[in-house]
Amino acid sequence: MTVDIASASVFPRLERLLPLVQKPIQYVGGEVNAVRVDWDAAEVRWVLMYPDAYEVGAPNQGVQILYEVLNEQDGVLCERTYAVWPDLEALMREHDVPQFTVDSHRPVGAFDVLGVSFSTELGYTNLLTALDLGRIPLLAADRGDDHPLVIAGGHAAFNPEPIADFLDAAVLGDGEEAVLRITDILRGWKAEGCPGGRAESLRRLAAAGVAYVPAFYDVEYLPDGRIRRVVPLRDDIPWRVAKHTLMDLDEWPYPKAPLVPLAETVHERMSVEIFRGCTRGCRFCQAGMITRPVRERSRSGVESMVARGLQATGYEEVGLLSLSSADHSQIAELTTSLADCYEGSQTSLSLPSTRVDAFNVDLANELSRNGRRSGLTFAPEGGSERMRKVINKQVTEEDLIRTVATAYAAGWRQVKLYFMCGLPTETDEDVLQIARLAREVIRVGREASGRRDIRCTVSIGGFVPKPHTPFQWAGQLDHETTDRRLAALRDAIRADREYGKAIGLRYHDGKPGTIEGLLSRGDRRVGRVILEAWRRGARFDGWSEHFDFGRWGQAANDALADEPVDLDWYTTRERHHAEVLPWDHLDSGLDREWLWEDWQDALDEGGVEDCRWTPCFDCGVCDQLGTHIQVAAPGSGA
Amino acid sequence: MSRQPPREHVPPVQRFRIRYAKRGRLRFASHRDFQRALERALRRAGVPMAYSAGFTPHPKISYANAAPTGTASEAEYLEIGVAAECDAEDLRERIDAALPQGFDVLEVVRASTPDFAARLQASRWRIELPDVPAHEAQEALDALLATSSAPVERLVKDGRRTIDVRPAILAAGVASERPGQPPCAILTVVVQTVTPSVRPDDILAALRSVAGLIPPVPAQVTREMQGPVGVADSATQVPEGFLLGDPLAADREADQT
């Protein structure tokens, strides 16, 4: 028997390295519900990568869904790979072991497609490590017919321009149907004997509008560094590429049998997605903007996914996931029926919702009938009333105080509040208002609960302007000012003798946010910065212990030395209406003029309601995509 | 508002002792990894577990002497408490089927004798040393056995700790090589269960410090047995005629009578 060396398992070689690395279990696979498909019988072979450590990547819903959807197809195989930590990377280089899948430990270079899911731009350097370890040329232009197609998906793929040089294609939007269409096109092309090689396979994907192929577009620049225009290089390629939108979640009850990793991960629970999309209209929120419209899973659909998933996994906790879970139109009935169903069992339910209202507290009470009431989280996002108007977070201070009072009175001991720093038009005073709000929360909480041992944790993230949002034109706050404002806030809380000790403050320095900003709103020239930073050792940039701002700064200086642009140009510079943005040819369904008007409304501190409950505001998604909001009819049990 | 834990403490109606193996690539699982996998397997298998009382009830499981991460084992033991009467063989099949392959349930016996943990007096380890000729391993072992004390340092949670390996070694030997095979010394060591524990890594560290034995590739280690020392019944002979008993023998006999 001959073994195809190129696709043979590397496990015997890897096994000798595993005693030498931290947490070796993350590299061996063997998860409950992992699928094994015969390699030789498969016509199209996918490897999906989540470009972060296994402990973060393994629970990722996107990868788990597509893994199952693909493996269910006849003649299709799908395996998974994750970023390896630097200790194993060094050993793999020393012992010539390529990037491998955790399922059957085959080299990723042996697959037809390497699909990479980017939830965050800070995973870009990990893609380069995987390609390099996988012996796949870093630049798409250098790849040959034997190399996999490298296709990006996930939220960051809505502006794939900074990694355009490393990608063969990008898929915008929901992946379930898109991966099947890609599979069909590749299957047909392979069955024909791969006519025209790699370029033809990509042409078919692009011409069908399934995927964006950066190499088929030319970017022209103005002398001052702005983009002049982005032009397709062939006439069978669309000028704009639209996102994929899955319309009936009940037809796609994935994952049906979620993977249960052996290694400990960041989410030790099962997740059921109860709806996709959000129309709250928070202006900072890219997820809410690019996943429109709202599409709910039915109550019975959720209930059967919970029941089947628990049986398949043995998990003792289920999270009901979405961008704002308390907003499901049947959420009260759903939580009550699930709480009834699992009362007295060892199964607990969680609803990751941060909505600031009493209804949210009622839901949390219901889900913790017999459990400990430890902490509840709310996200006012802006510290001052004015700031919340700018970001369209329609919560008054009165709402917030009343909500936390209800929570403390119901037995919750700790309230966590999420805020952002660096929002457009923000002043020092807006951030200091967070301290005042937190003091008020404790004061009212002590009254409502009659106890002094209640706590409030203030958690602050740095705001990074994102493509396809009304804030895509905004100048990002420089990290020095971010750090100064956060230090002033910390001092204000510490100085409070009466309440300060009951208030915890969590924040990170502003530097990683600056690099995230560069990668979020960058254009193709930023690819050189990424490559240079990676060559200088950038890995795991989402981890503070690995992130090195100095390295990125130097890489940006060197890589952009011959360009009229620099790090500040990409981050702190406000863009004008007429400027061509790097992602303008990528269609999230949102009307550019609507986004601009919303940006102007933000500057005027004007609000816009949720279109689930008010008339349409013409954001463009439903018209453009022929889709519509899907909310279950009130009172319907279905 | 003061909220009370909802559940009264209900004592288990039966306890079972379980011998299981940790094999192949799953030897890289830590003990905590195994614990999570087992608890989920018990739920998938529908085993009627007894739970502790309180706001966060835990299934009644007690573990003994888990083998370190990276070592395989044919002789791991744990005990579970159940809330309804079960059949031992039925439990074995169900739990084994629910656990990932590589965590394999070898035997389930109803617990009817006290002091189980005290019976795990020693472990027999098989340490394979690829690319090390048997005579080199034998010389190193002889040197180690000739000393009266072999302190090694180990990183523990709160810093470095010095452990004397030598007194815990009850017996040891090296298997001779088979002709025609690549060299791979096979060390068999019986180590007393002591606190702090002496692990195979510590034995290897001692062989290194006492005799300069440095294996070119990481050793493959398997725990083959655990049990009472010097018990003759159902015992297996290890080097130097050393006797290691079966810790489940007493429960098995009690169950049959």
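Among all positions in the stretch A:63-74, there is no residue which is part of a loop (DSSP other than H, G, I, E, B) and either within 14 Å of chain B (Cβ to nearest Cβ) or farther than 15 Å from residue A:179 by Cα (or both). In this structure, residue B:147 does not satisfy being within 15 Å of residue B:22 (Cα to Cα), polar (S, T, N, Q) and open to solvent by less than 50 Å² (accessible area, probe 1.4 Å). The requirement of being among the charged types (D, E, K, R), closer than 30 Å to residue A:475 by Cα and open to solvent by less than 10 Å² (accessible area, probe 1.4 Å) is fulfilled nowhere in the stretch A:398-416; no residue meets it. Here residue A:68 meets each of (1) of a type in the set (D, E, K, R); (2) touching a strand residue (DSSP E or B) at 6+ places or on another chain (Cβ under 8 Å); (3) buried (at least 18 other Cβ atoms within 10 Å of the Cβ) with one exception, condition (2). Listed by position, the helices (runs of 4 or more DSSP H) inside the stretch A:338-454 whose residues that are acidic (Asp, Glu) number at least 3 are A:397-409, A:428-449. Among the residues of this structure, residue B:85 does not count as one that is surrounded by fewer than 17 Cβ atoms within 10 Å (Cβ to Cβ) and free of Cβ contacts under 8 Å to residues at least 24 places away in the same chain.
Residue count for the stretch A:39-58 satisfying the condition of being assigned to a helix (DSSP H, G or I), crowded, with 19+ Cβ neighbours inside 10 Å and within 14 Å of chain B (Cβ to nearest Cβ): 1. Scanning the stretch A:6-25 for residues that are in a helix (DSSP H, G or I) and either more than 9 Å from chain B (Cβ to nearest Cβ) or within 14 Å of residue B:219 (Cα to Cα) (or both) turns up A:6, A:7, A:12, A:13, A:14, A:15, A:18, A:19, A:20. Being under 22 Å from the mean Cα position of the chain (by Cα) and crowded, with 24+ Cβ neighbours inside 10 Å is not true of residue A:523. All told, residue A:360 meets the bar of being open to solvent by less than 50 Å² (accessible area, probe 1.4 Å), in contact with a helix residue (DSSP H, G or I) (Cβ under 6 Å, 6 or more places away or on another chain), over 22 Å from residue A:253 (Cβ atoms) and not basic (Lys, Arg). The residues of the stretch A:98-120 that are outside any strand (DSSP E or B), open to solvent by 10 Å² or more (accessible area, probe 1.4 Å) and within 26 Å of residue A:536 (Cβ to Cβ), listed by number, are A:109, A:119, A:120. Looking across the stretch B:184-198, the residues that are part of a loop (DSSP other than H, G, I, E, B) and touching a strand residue (DSSP E or B) at 6+ places or on another chain (Cβ under 8 Å) come down to B:193, B:196, B:198.
Residues that are at pLDDT 95 or above and within 11 Å of chain A (Cβ to nearest Cβ) number at least 2 in none of the strands (runs of 3 or more DSSP E) confined to the stretch B:1-111.
Condition check ((1) open to solvent by 10 Å² or more (accessible area, probe 1.4 Å); (2) in contact (Cβ under 8 Å) with a residue 24 or more places away in the chain; (3) acidic (Asp, Glu)) across all residues:
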{"position": "A:15", "(1), (2), (3)": "yes, no, yes"}
{"position": "A:23", "(1), (2), (3)": "yes, yes, no"}
{"position": "A:29", "(1), (2), (3)": "no, yes, no"}
{"position": "A:37", "(1), (2), (3)": "yes, yes, no"}
{"position": "A:60", "(1), (2), (3)": "yes, yes, no"}
{"position": "A:74", "(1), (2), (3)": "yes, no, yes"}
{"position": "A:92", "(1), (2), (3)": "no, yes, no"}
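Within the stretch A:284-304, the set of residues being buried (at least 23 other Cβ atoms within 10 Å of the Cβ) and in a loop (DSSP other than H, G, I, E, B) comprises A:284, A:291, A:292, A:294, A:297. Checked against (1) touching a residue at least 12 places away in the same chain (Cβ under 8 Å); (2) more than 30 Å from residue A:401 (Cβ to Cβ); (3) within 14 Å of chain B (Cβ to nearest Cβ), residue A:339 passes all but a single condition, namely (2).
Can residue A:198 be described as part of a helix (DSSP H, G or I), closer than 20 Å to residue A:67 by Cβ and out of contact with any Leu (no Cβ under 7 Å at 6 or more places or on another chain)? No, not satisfied. Taken together, the residues in the stretch A:270-319 that are aliphatic (A, V, I, L, M), touching a residue at least 60 places away in the same chain (Cβ under 8 Å) and within 14 Å of chain B (Cβ to nearest Cβ) amount to 1. Across the stretch A:367-394, the qualifying residues are those that are open to solvent by 50 Å² or more (accessible area, probe 1.4 Å) and within 14 Å of another protein chain (Cβ to nearest Cβ), and the one among them that is modelled with the lowest pLDDT is A:370. Quick check on residue B:168: is it among the aliphatic types (A, V, I, L, M), more than 22 Å from the chain's Cα centre (by Cα) and either open to solvent by less than 90 Å² (accessible area, probe 1.4 Å) or at pLDDT 90 or above (or both)? Against the criterion (among the aliphatic types (A, V, I, L, M), more than 22 Å from the chain's Cα centre (by Cα) and either open to solvent by less than 90 Å² (accessible area, probe 1.4 Å) or at pLDDT 90 or above (or both)), residue B:168 does not qualify. I'm trying to understand the selection: among the residues of the stretch A:587-623, which are surrounded by fewer than 17 Cβ atoms within 10 Å (Cβ to Cβ) and polar (S, T, N, Q)? Matches in the stretch A:587-623: A:600, A:614.
Here residue B:131 qualifies as more than 17 Å from residue B:48 (Cα to Cα), at pLDDT below 95, within 14 Å of chain A (Cβ to nearest Cβ) and exposed (fewer than 15 other Cβ atoms within 10 Å of the Cβ). Give the residue, chosen from A:307, A:263, that is under 23 Å from the mean Cα position of the chain (by Cα) and either open to solvent by 20 Å² or more (accessible area, probe 1.4 Å) or modelled with pLDDT of 95 or more (or both). The conditions single out A:263.
The values are calculated or read from the model by the stated rules, or taken from the named source; none is laboratory data. Keep in mind it's a predicted model, so treat the numbers as computed, not measured. All Cβ positions, even for glycine, are placed from backbone atoms using ideal geometry, and neighbour counts span all protein chains on display. The area values use the complete protein model at the heavy-atom level, side chains included, leaving out ligands, DNA and RNA. Shrake-Rupley method; radii C 1.70, N 1.55, O 1.52, S 1.80 Å.
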